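A short reminder: the numbers here are calculations on the coordinates, not readings from a lab. Since this is a predicted model, take the numbers as computed values, not measurements. Using ideal geometry, Cβ is built from the backbone for each residue, glycine included, and neighbour counts are taken over all protein chains shown.
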Ligand SMILES: Cc1ncc(C[n+]2csc(CCOP(=O)(O)OP(=O)(O)O)c2C)c(N)n1
Ligand SMILES: Cc1ncc(C[n+]2csc(CCOP(=O)(O)OP(=O)(O)O)c2C)c(N)n1
Ligand SMILES: [Mg+2]
Ligand SMILES: [Mg+2]
């Protein structure tokens, strides 16, 4: 049984032609819309309206826009746990998406999905919370596209941490072996939750992807025009049946892994968090039985190094904001106008979503649903 | 509860010192012993005495010997479904191993393992039937070795087909990330059951392994001295804590995947097998409904190509016999003597095993056990 | 009606469906060789060899189903599905639900199942209980060629996620492929149930609704409830029991999810004694679920079960003793007295 | 006796065992941060961060156990174990058996389990029924800090494969880690059972034998049989029932494998009515197994169950309705009348 009860606002995405050149205005519009949608959801999370975890894509707009601008509404997209922004980019109705994230039965998946499993057949876009699964799912989409709709391309978004997941690596191979029209897009923010990814990773991401026979490209994620160009080459190749590709893009996510990220909390409130963490660490480090002095010193210096690395990343990489950089590519008046239009649209959406959620002091209780 | 009821004949393996140079006599002795043990089991299989499948390692002796000669009895070895020969090489009692393969409760694992799961703690050697698992299992052995017995090395044997298994790829990464003393040995016979592996594989095996940060070497598997040299470099490195390695070795297995391999059957009896296969193929190819003419022709030419490829492989690669080549490295009289001694030992073992199995017209029935 | 082998019956139904529906494709390890007749008929785009990448090619099946195909993803043995288990546990069993019913996922996983042919404890599991645990999962295991054809056709038309399990002991092609017929020294005929391995199949195949059990034998003293090869072992046992004057009915569940509650309860009511014959682990879920159905229905039937209680050993005599053989079934019935 | 959180109790026992036994090590994703206190105490060789490679790092746990270590392999959630399921289904549950008992495999998999905190249907599963299906597998799920400590110690001393499941709802550290305490706007206190989240723990910890249930409450009209958070929901329900004059006993199984048959039967005998409260799927195996135990023992108790019947939805009100909440338990007891 197929239920198609939601009138999705897909025209916004479907209307776009596949651009041959780079349209900076369109890129900026997309990025602003994605950023604003994330911002209101992050606010809603802190207001206690979003149940559970929330992984925002703030900082990844350059990647999302640069890739998605090449797609028609018929191409397929496999997303991971960080899917709100790309779904907005695909043209999902912001209100329905927000309602879903807010845990409403009026949401785009009627409250079944939450923010990790949003599945929108009309947009040929689906998300999944298992790290690495977007790869083989996109490969599957590509098999279907190649057979039923040649010329359609399939995209997988995944993080750099996911590149240690066997199923993703397997899917690189499968894509090459079956010459599938799929492009794997790695959004490399350097961190997988609280782990610095290179510390658990051998070799180099580009080499790894290339070794499976994928055509590879890379770009800096804060330069949407570069992402667009690199993605364009791979997507065009894949569409033409010339084989799958891998795009590596760097990015910085100031919000960290999810809202309330422990690393970000430490950075924002070192004193307060130290007070939380110190007693346990101290009692561990000074326990009468345990490792040698060298082992304990090693442990503490590792933890310190991790904190320092985060502090450095968050400082040095602060400027890597694709939206700010993208703004510079266009006329100021145009930028202002886009911001105004998008802000209004997103505000209306979140107002409507919050409004129809009814009074809801907290979540996790059955009174917490829409009234 | 640890049961140590079997008096294993491990002295044979334990007695060997870790060789610094290459000992061609010792290599030949090992290879002959492994070959003979496989041959009597293959014969026993055809005699209906080995229940189920049997994957022989005939053709892989150069790899097994070249690698195992570097190990002490304390090093650890993770094996796959093709483990009889390496277990013999590790010093397993041939009679107990044969009894296991023959399905006797007197076997080395009391009939629980069969030939796919032989686990011999005394030899620090274990097998598993899940393709790819030897990699992470060996990584685990290496973690234990590094912590409890620094200097001990851990080996994983796997096929080239297994290199598309995610868990194996993950274990390459894990080994590099944790700097584990493990060497992955890929025995590349070009085939995974009836599939020609390159047809389902992207890129190149060495590149793939290297991209994870593994130190890589390669050798021709019919030249035991080359395998020995390449393995020696990687094993020494790993032992010294300098990191994990990957050894790629080519080989030809005349027996194919397992006894009764459908491909080998076709090669041995093309007429007879054609009679078996043709009716189904013809009715498929000529069915009134189905694919286009082009699709059907494509299908048949693929099947033909596979047959032709096998025929070529089995002809061209016939000379790749590590035992025959290894014989040339030593004195003829010495070779004769080794063959005589080993043949007697192996014959005694299989005679004893067949003898203690009792009368057994067939397997798969409860009367089929030892009387 | 044509007489064919169990495996031929499955491919017969699959071929019929592929001819009727261009969306049906199949892949798995060595599938071009295993399904060569379908390859010859439908071409290499629809019949593919997969790399040894269960996780990816199972997930890709789900992805392809989302993209509009009806993939039949084949595994030699359900044991290997454990390597790609997340595609079932977190993927195929859930996406339709997560989408609130908006996205169909017509994926069929076709896999060999079970033992009796000495393949060791890691290549002979049933695992159907584990599979049936997941909401959104249909699990069928036909015990005859005719059912195999009819249920495969239903699986392909179900427009939902189905795991289609084929007992390897009934699969003449696989037993041969694993080396079988290349040695005349071995004779499995005493083990292979003739009516399961070969039989009449309708042409064209008619779909058999998944979720309806079949009563294989009538009997009023005890109901043997089983699925797959267990059905044939139960029939064997029923013969022995009949000689002792005990009338045993044999109910073939045909699918593990959904279960045919009504048929189970009807048999239990009629006989007052139920023996579940299950080739899965005793804690696997099926035998327990049938107990729960009996208790929930307020049925006062006496109950016993014959299932796999340990890891399955390799040695044939140990293996046979571990699997639910006819002697064990007879003993369980007698003990219920 | 020290009062501590559930998660602290687990780490307390683990730390005690690590101090006593050099062979114990732990790894998993973000484990250096999650187990930072153990890291500070035992150093980076024994407390490691793993890449997102569940299959490899779970199998490596088995390999390390074979090599002489006692690895505690940690997963955020048991759902992710599905990615490395073969390490359980085909590996850790079997190698000791395959070796005919010659090779010990003292691997402990430690994983969060269950829901009630809005993490969606793929991050809230119980899966303990599926785990318990495998012979050679011990599955524990303590419901209080004291049990968590005592059972963890036993798991580490068991010299066999143990899956140690910690309900995330009781794990204050994890709820905080997932963002919890960074927003004061959310208050989970109505959902988190106080006696489960915090309590007295012995110092030094004494092992609690795995496989013995604990009677949490006496009552002669109905026996509520549960494990994990379900125990607390049962206690809530028992309060409500008490007000109606129905005396409910609450049996905390503490381990899903082995099951404490005697305790289950004793409660069933005493009350004559059994309601199983299971956060796993209804077809998961636990609730059915208890029915089978009752029937096998010839017990005529009336039986009902409250379990998860669909994919778990994300929206809190739908989630709550799907999980075995106190209202559902009360209703099931009333319906048994
Ligand atoms: C199979 C699996 N393992 C672990 C997790 C928990 N988890 C969620 S996101 C994440 C980190 C992913 O890192 P990365 O791929 O770099 O993506 P990012 O979050 O940085 O976008 C982890 C470990 C999961 N969801 N699935
Ligand atoms: C996970 C898993 N998938 C599939 C199989 C079936 N299988 C056994 S051996 C094999 C081929 C292995 O090929 P390769 O790695 O090249 O090793 P070879 O047999 O050539 O030595 C396959 C597919 C298995 N045992 N385990
Ligand atoms: Mg990342
Ligand atoms: Mg091979």
*Using a Gaussian network for chain A with springs between C-alpha atoms less than 10 Å apart, which of these wobbles most: A:62, A:326, A:111?*
A:111
*Chain B: which residue's Cβ hugs the B-to-A rotation axis most tightly, distance rounded to whole Å?*
B:166, 1
*Would you mind computing Rg(Cα) / (2.2 N^0.38 Å) for segment A:186-332, counting N as its residues?*
1.39
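Counting helices only, and only those DSSP H runs with n ≥ 4, report the 222 nm mean residue ellipticity of the protein assembly as shown as the sum of -39,500 (n - 2.57) divided by its residues, in deg cm²/dmol to the nearest 500.
On the way: 58 runs with 619 residues, N = 1416.
Per the formula, -13000 deg cm²/dmol.
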*Between segment A:255-319 and segment A:104-126, what is the C-alpha centre distance in whole Å?*
36
_Estimated distance in nm for a label pair at residue C:185 and residue D:45, the labels positioned 7 Å out from Cα along Cα-to-Cβ_ = 5.2
*Could you sort B:34-41, C:69-76, A:311-318 so that the peptide with the highest average Cβ count within 10 Å comes first and the rest follow in order?*
C:69-76, B:34-41, A:311-318
_Alpha carbon convex hull of segment B:78-219, volume per residue in cubic angstrom_ = 113
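Can you give the FRET efficiency for residue C:310 and residue D:297, using 1/(1 + (r/R0)^6), R0 = 22 Å, r = Cβ-Cβ distance, to the nearest 0.05? Don't jump to the answer; show the numbers that get you there.
On the way: r = 22 Å, r/R0 = 0.98.
Efficiency, from the Cβ-Cβ distance: 0.55.
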*In whole Å, largest first, what are the principal axis extents of the Cα atoms in segment C:1-131?*
43, 39, 30
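With N denoting the number of residues in segment D:232-304, provide Rg(C-alpha) divided by 2.2 N^0.38 Å, to two decimal places. Before the final figure, lay out each step's value.
Working: Rg = 12.2 Å, N = 73, 2.2 N^0.38 = 11.2 Å.
The reported ratio for this selection is 1.09.
Taking 41 Å as R0, compute the FRET efficiency from the Cβ-Cβ separation of residue A:294 and residue B:72 and round it to 0.05.
Details: r = 29 Å, r/R0 = 0.70.
With a Förster radius of 41 Å, E is 0.90.
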*How do B:82, C:328 rank when sorted from fewest to most other Cβ atoms within 10 Å of their own Cβ?*
C:328, B:82
*Compute the long axis of helix C:229-243 from its Cα atoms, compare it with the longest principal axis of the Cα atoms of chain C, and write down the angle in degrees, 0 to 90, nearest 10.*
20
_Checking the a/c ratio against 1.5 first, then a/b against b/c, what shape does the Cα gyration tensor give for segment C:63-145?_
prolate
*Considering chain A as a Gaussian network with a 10 Å cut-off on Cα pairs, which listed residue, A:113, A:238, A:85, attains the greatest mean-square fluctuation?*
A:113
_Taking all pairs of distinct alpha-carbon atoms in segment B:43-136, Kirkwood radius in angstrom_ = 13.4
_Angle between chain C longest axis and helix C:145-157 axis [Cα atoms, degrees, rounded to 10]_ = 50
*Using the 7 Å Cα-to-Cβ label point, sort the distances from residue D:266 to its equivalents in the other copies shortest first and give them in nm to one decimal.*
4.3
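Quick check on chain D: what does the Kirkwood estimate of hydrodynamic radius come out to from the alpha carbon pairs, in Å?
Working: mean 1/r = 0.0499 Å⁻¹.
That comes to 20.0 Å for chain D.
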*Give the shape of segment C:201-325 as rounded, prolate or oblate, defined through the alpha-carbon gyration tensor: a ≥ b ≥ c are the square roots of its eigenvalues, a/c under 1.5 means rounded, and otherwise the shape is prolate if a/b is larger than b/c and oblate if not.*
rounded
*Volume per residue, Å³, of the convex hull around the alpha-carbon atoms of segment B:22-61?*
55
*Once both axes come from the Cα atoms, what is the angle between helix C:286-296 and the longest principal axis of chain C, in degrees from 0 to 90, rounded to 10?*
60
*Per residue Cα convex hull volume for segment C:134-181, in cubic angstrom?*
82
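Find, to one decimal place in angstroms, the Kirkwood hydrodynamic radius of chain A, where the mean of 1/r is taken over every pair of different Cα atoms and then inverted. Spell out each step's value before the answer.
Numbers: mean 1/r = 0.0464 Å⁻¹.
Result for chain A stands at 21.5 Å.
Would you kindly work out the equivalent ellipsoid of segment C:144-222 from its C-alpha gyration tensor and give its semi-axes, the square roots of five times the eigenvalues, largest first in whole Å?
Working through the eigenvalues yields semi-axes of 26, 19, 12 Å.
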*Most mobile of B:215, B:156, B:278 per a Gaussian network model of chain B (Cα springs, under 10 Å)?*
B:278
*asked:* Percent of Cα-Cα pairs more than 13 Å apart in segment B:162-227, please.
replied: 67
*asked:* Relative to 2.2 N^0.38 Å, what does the C-alpha radius of gyration of the protein assembly as shown come to as a ratio? Two decimals please.
replied: 0.88
_Nm distances between copies for residue D:195, ranked from closest, using label points 7 Å along Cα→Cβ_ = 5.6
*Taking a ≥ b ≥ c as the square roots of the eigenvalues of the Cα gyration tensor of segment B:254-358, is the shape rounded (a/c under 1.5), prolate (a/b larger than b/c) or oblate?*
oblate
*For an R0 of 56 angstrom, estimate the FRET efficiency from the Cβ-Cβ distance between residue C:331 and residue B:204 and round to the nearest 0.05.*
0.45
*asked:* Please report the spacing between the Cα centers of segment A:179-238 and segment D:92-132 in Å, no decimals.
replied: 34
*Using the 10 angstrom Cβ neighbour count as an exposure proxy, how do D:264, B:338, D:312 rank, fewest first?*
B:338, D:264, D:312
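What does the convex hull of the alpha-carbon atoms of segment D:180-236 project to on average, in nm²?
Details: hull surface 24.2 nm².
So the mean shadow area of the Cα hull is 6.0 nm².
What is the average number of partner chain Cβ atoms found within 10 Å of a Cβ in D:24-34?
So the per-residue partner count for this stretch is 4.
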*Using the 7 Å Cα-to-Cβ label point, sort the distances from residue B:279 to its equivalents in the other copies shortest first and give them in nm to one decimal.*
8.1
*Separation between the residue A:26 and residue C:243 pseudo-spin-labels, each 7 Å from Cα along Cα→Cβ, expressed in nm?*
8.1
*Express the relative contact order of segment D:194-281 as a whole percentage, based on alpha carbon pairs under 8 Å and six or more residues apart in sequence.*
39
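Can you sort C:24, B:58, A:88 by how many other beta carbons sit within 10 Å, fewest first? The partial results should precede the final answer.
On the way: C:24 21, B:58 24, A:88 28.
Ranked by crowding around the Cβ, least crowded first: C:24, B:58, A:88.
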